[in-house]
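Peer 1: Have a look at the structure that comes next, please.
The values are calculated or read from the model by the stated rules, or taken from the named source; none is laboratory data. Just so it is clear, the model here is predicted, and its values are computed rather than measured. FYI the Cβ positions are ideal-geometry reconstructions off the backbone, even for glycines, and counts take in every protein chain you see. To get the accessible areas, we keep the full protein, side chains included, count just its heavy atoms, and leave off ligands, DNA and RNA. Shrake-Rupley method; radii C 1.70, N 1.55, O 1.52, S 1.80 Å.
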Amino acid sequence: MTPATRQEVLSLYRKVLQIARTWQSASGQVEETMREKEYIRNEARTLFRKNKNVTDPKLIKQCIEECEARIEIGLHYNIPYPRPIHLPPMGLAHKQGRTLRHQEKLRKISKPIYLKSHDEIS
């Protein structure tokens, strides 16, 4: 990891922790605000620790883009949790064979960047 990339990652981590410190839930309830602040801190810790040994520059760039996307979406919608995606159900595909594999491939490709690591840890 280059020093510039390291600095960018550390800056993102500090930004997420600052957001957690100043976070206010949409409902304004104290309990909900505390739960959401704790979620933001835990999610940041988990994902940054999980990716601390990543050395591939492409993968590092992908992680940085995901973090920035999650920050933007969280601040815009005032919801710290990843927004769900709505894809067509797999009920139309057969339970085996090429059609199912094709459906699974399409679902994987169409997953937004901000959900890439969420499924891995949850």
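Peer 1: Compute the FRET efficiency between Q62 and Q29 as 1/(1 + (r/R0)^6), taking r as their Cβ-Cβ distance and R0 = 30 Å, and round to the nearest 0.05.
Peer 2: In this case the efficiency is close to 0.25.
Peer 1: Taking 7 Å along the Cα-to-C-beta vector as the label spot, tell me the R101-H76 distance in nanometres, rounded to one decimal.
Peer 2: Those two pseudo-labels are separated by 3.6 nm.
Peer 1: Heavy-atom accessible area of V54 with all protein chains present, probe 1.4 Å, nearest 10 Å²?
Peer 2: Taking all protein chains as shown, V54 has close to 30 Å².
Peer 1: Oh, and also: Would you kindly derive the ³J(HN,Hα) couplings of region 66-82 from the backbone phi angles with the Karplus curve 6.51 cos²θ - 1.76 cosθ + 1.60 (θ = phi - 60°), listing them in order in whole Hz, with x for Gly and Pro?
Peer 2: Working through the residues one at a time gives 5, 4, 4, 5, 5, 5, 4, 5, x, 6, 5, 8, 6, 10, x, 7, x Hz.
Peer 1: In sequence order, what are the phi-derived ³J(HN,Hα) couplings for region 59-65 according to the Karplus relation 6.51 cos²θ - 1.76 cosθ + 1.60 with θ = phi - 60°, rounded to whole Hz, with x for glycine and proline?
Peer 2: For region 59-65, the Karplus curve yields 5, 4, 4, 4, 5, 5, 5 Hz.
Peer 1: How would T33, T5, T55 line up by accessible area, probe 1.4 Å, largest first?
Peer 2: Order by accessible area, largest first: T55, T5, T33.
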